[in-house]
Amino acid sequence: MARHLITSAIPYINGIKHLGNLVGSQLPADLFARYQRGRGNEVLFLCATDEHGTPAELAATKAGQPVADYCAEMHEVQSKIAEGFRLSFDHFGRSSSPENHALTQHFAGVLADRGLIREVVENQMYSKADGRFLPDRYIEGTCPNCGFDSARGDQCDNCTKQLDPVDLINPHSTISGSTDLEMRETKHLYLCQSQMKDEIEAWIDSKADWPVLTTSIAKKWLNDGDGLQDRGITRDLDWGIPVKKGDVDWPGMEGKVFYVWFDAPIEYIACAQEWVAANKGTDWQRWWRTDKGADDVTYTQFMGKDNVPFHTLTFPATILGSGEPWKLVDYIKSFNYLNYDGGQFSTSRGRGVFMDQALEILPADYWRWWLLSHAPESSDAEFTWENFQLSVNKDLADVLGNFVSRVTKFCRSKFGEEVPAGGEFGETETALIEELTTRTRAYEAHMEAMEVRKSAQELRAIWVAGNEYLQTAAPWSTFKEDPEKAAAQIRLALNLIRFYAVLSAPFIPDAKDTLLAAMQTENANWPDDVPAALTALAPGHAFTVPDVTFRKITDTEREDWQERFAGTRD
Ligand SMILES: [Zn+2]
């Protein structure tokens, strides 16, 4: 049995994510996890919320809540939505967990001991009234470029000019409104990535099978300009993991926290510890420590392209730099962006469909199928309502749903609600079984390679093959001439329903449950032997006709939704 450690990029705690976020990491990771489990392999699938940093503090302030309460509440919200989409995490953790605090402090201590952390003195804006240093986003003033009076310390939202807080005219703190600000010296820690450039580059060069999208981004950061730069890993904030060297204080770093991008990937490991703490597992080290059994684990990460630099450079620098036997990622599957109906999804403008809204209008399987079969792999992809309607109505309702409905209803009317006996397979059936065998092996190869779109295409072709068989064999005509032959045809077709349920489960898990329930079987074994799998339901096996498996989307619905999600959510 192979062992697969699978992580999805961890979504930021602040707000509900849109469908573009979902298809960029969590959903394809779930597809792969479900497939590997379906093949009988051992899987640990982890995800978490990314809870530290300034945006969480700002959102909590806006919501009038202490930031810890805000994060706890939003974690529950995201957790419920993940369940709604059937994301089958073995654990959905939190980067603010005690486990991640301890582990992040541990890594910082070890890296410091190995000479890979240096202290840097910088100047930063300090607010006397607030008694704290202010991150750029906490400072507003008049834009020196366009005169806009609420430009932020890092950027003017009116003219989009990148700014430095000292550029602002009449700067003030957004916390207290105080204008009593001054530049003060503050000390920060930097991870010496530049010292590790050769080691990281050699490691990336050893990954000849990685997608070009992943390696090209990593190479750009390694070699463009002055090459890989050291990176600040601490911030003057209250909310975050306190800077410590292991479990002891770090002189001069009192009151500071680690930068969110330093602690977030470490949560992948801490999440496995949380999984054990939650009594869902017993041994996290055999997944993460190569000296404790993780050397036979295949570790795959899923993420959007914007997250690639941190996963190919900063996190590996942390792991390699520690000199400890932690498991390194084996494969990084990265995605381009999903756009929305001629533009971009926009969280701030409420443009596009957000995960909670999607589940209000249709069940998870509809979204899962469309998103995965249109995953932005080789280039950006676009969601349009026309395409969504077409794909759902054709693939799910006309092809798969209709097959199930015709076969079960016909059988009930002619043979009753059980798999009919009698008759033998002829040339048409043999040809179908051969085609399905070839296609099933192709589907497996695409799934193993994490080729999401190609997998969906092959699965659709497998559904289509059944429909075409039904058209050719035409048991409703055969029945009049040769009822025995029609019985054999329908027996094969009923077995195809179970076969489809099992193969389709990674994409549309609820349909798998519905179809297996209708076929009154719990046999979800993967069809390693396709001909045998197509005789799993023996003559006399009872079934029921399921309700409509997939319904069609009407033109009126499509138009309503198009208007509703054009952008006004608040
Ligand atoms: Zn401006």
Return a yes/no flag: does the stretch 181-197 have any residue that is farther than 27 Å from VAL120 by Cα and open to solvent by less than 80 Å² (accessible area, probe 1.4 Å).
-> no
Kindly indicate whether ASN41 is in contact (Cβ under 8 Å) with a residue 12 or more places away in the chain, buried (at least 19 other Cβ atoms within 10 Å of the Cβ) and over 16 Å from the mean Cα position of the chain (by Cα).
-> no
Considering every residue within the stretch 475-493, establish whether at least one is among the β-branched types (Val, Ile, Thr), within 25 Å of TYR35 (Cβ to Cβ) and open to solvent by less than 10 Å² (accessible area, probe 1.4 Å).
-> no
Residue satisfying all of: in the stretch 183-239; among the aromatic types (Phe, Trp, Tyr) and within 29 Å of the chain's Cα centre (by Cα); farthest from PHE302 (Cα to Cα) among these = TRP239
VAL276: passes all of (1) closer than 20 Å to GLU99 by Cα; (2) surrounded by fewer than 22 Cβ atoms within 10 Å (Cβ to Cβ); (3) in contact with an Asp or Glu (Cβ under 6 Å, 6 or more places away or on another chain) but (3)
Hits in the stretch 13-38 (condition: open to solvent by less than 20 Å² (accessible area, probe 1.4 Å) and among the aliphatic types (A, V, I, L, M)) = ILE13, LEU19, LEU22, VAL23, LEU27, ALA29, LEU31, ALA33
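Assess whether THR214 counts as being outside any strand (DSSP E or B), away from the ligand (no atom under 16 Å from the Cβ), of a type outside the set (A, V, I, L, M, F, W, C) and without any contact (Cβ under 8 Å) to a residue 40 or more places away in the chain. Break it down into steps so the answer makes sense when it comes.
Values: outside any strand (DSSP E or B): yes; away from the ligand (no atom under 16 Å from the Cβ): yes; of a type outside the set (A, V, I, L, M, F, W, C): yes; without any contact (Cβ under 8 Å) to a residue 40 or more places away in the chain: no.
It is false that THR214 is outside any strand (DSSP E or B), away from the ligand (no atom under 16 Å from the Cβ), of a type outside the set (A, V, I, L, M, F, W, C) and without any contact (Cβ under 8 Å) to a residue 40 or more places away in the chain.
Each row is one residue, and each column tells you yes or no for (1) modelled with pLDDT of 95 or more; (2) not β-branched (Val, Ile, Thr).
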site	(1), (2)
LYS219	no, yes
ARG231	no, yes
ILE241	yes, no
ASP249	yes, yes
GLY255	no, yes
VAL260	no, no
GLU267	yes, yes
GLN273	yes, yes
GLN285	yes, yes
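So that you can scan it fast, the table gives a plain yes or no per residue for (1) among the hydroxyl-bearing types (Ser, Thr, Tyr); (2) open to solvent by less than 30 Å² (accessible area, probe 1.4 Å); (3) in a helix (DSSP H, G or I):
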residue: PRO265; (1), (2), (3): no, yes, yes
residue: ALA272; (1), (2), (3): no, yes, yes
residue: LYS280; (1), (2), (3): no, no, no
residue: ASP283; (1), (2), (3): no, no, no
residue: ASP291; (1), (2), (3): no, no, yes
residue: ASP295; (1), (2), (3): no, no, yes
residue: LEU313; (1), (2), (3): no, yes, yes
residue: ALA358; (1), (2), (3): no, yes, yes
Restricting the stretch 329-344 to residues that are part of a loop (DSSP other than H, G, I, E, B) and open to solvent by less than 40 Å² (accessible area, probe 1.4 Å), the one farthest from VAL260 (Cα to Cα) turns out to be ASN336
Hey, ARG368 basic (Lys, Arg) and surrounded by fewer than 21 Cβ atoms within 10 Å (Cβ to Cβ) or not | no
Is there a residue in the stretch 442-458 that is open to solvent by 10 Å² or more (accessible area, probe 1.4 Å) and on the phi > 0 side of the Ramachandran plot?
-> yes
Got at least one residue in the stretch 29-51 being under 20 Å from THR347 (Cβ atoms), assigned to a helix (DSSP H, G or I) and hydroxyl-bearing (Ser, Thr, Tyr)?
-> no
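When you scan the stretch 361-436 for helices (runs of 4 or more DSSP H) that lie fully inside it, which ones turn up with 2 or more residues that are within 27 Å of LYS552 (Cβ to Cβ), of a type in the set (A, V, I, L, M, F, W, C) and over 33 Å from the mean Cα position of the chain (by Cα)? Don't jump to the end; show me each part of the working.
Details: elements: 364-373, 385-391, 402-414.
Those helices (runs of 4 or more DSSP H) span 402-414.
Examine the stretch 552-560 for a residue that is open to solvent by 50 Å² or more (accessible area, probe 1.4 Å), of a type in the set (A, V, I, L, M) and under 30 Å from THR347 (Cβ atoms), and state whether such a residue exists.
No, the stretch 552-560 contains no residue that is open to solvent by 50 Å² or more (accessible area, probe 1.4 Å), of a type in the set (A, V, I, L, M) and under 30 Å from THR347 (Cβ atoms).
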Please identify the pairs in which a residue from the stretch 476-487 that is polar (S, T, N, Q) has its Cβ atom under 6 Å from the Cβ atom of a residue that is part of a helix (DSSP H, G or I) and surrounded by 14 or more Cβ atoms within 10 Å (Cβ to Cβ), counting only partners at least 6 apart or on another chain.
-> THR478/LYS485; THR478/ALA486
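Being hydrophobic (A, V, I, L, M, F, W, C) and either without any contact (Cβ under 8 Å) to a residue 40 or more places away in the chain or over 19 Å from ASP238 (Cβ atoms) (or both) is the filter here; which residues of the stretch 113-165 pass it? I'd like the intermediate steps shown before the answer.
Going residue by residue through the stretch 113-165, those that are hydrophobic (A, V, I, L, M, F, W, C) are 116-117, 120-121, 125, 129, 133-134, 139, 143, 146, 148, 151, 156, 159, 163.
Across the stretch 113-165, the qualifying residues are LEU116, ILE117, VAL120, VAL121, CYS143, CYS146, PHE148, ALA151, CYS156, CYS159, LEU163.
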Any residue at all in the stretch 377-388 that is at pLDDT 95 or above, touching a helix residue (DSSP H, G or I) at 6+ places or on another chain (Cβ under 8 Å), buried (at least 17 other Cβ atoms within 10 Å of the Cβ) and closer than 26 Å to ALA517 by Cα?
-> no
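Answer yes if at least one residue in the stretch 528-546 is farther than 26 Å from LEU31 by Cα and outside any loop (DSSP other than H, G, I, E, B), and no otherwise.
yes
The values are calculated or read from the model by the stated rules, or taken from the named source; none is laboratory data. Note that the structure is predicted; figures quoted are calculated from it, not measured. Here the Cβ is made from the backbone with ideal geometry for all residues, glycine too, and neighbour counts use every protein chain on show. The protein model used for the area step is the full one, side chains on, heavy atoms only, and it has no ligands, DNA or RNA in it. Shrake-Rupley method; radii C 1.70, N 1.55, O 1.52, S 1.80 Å.
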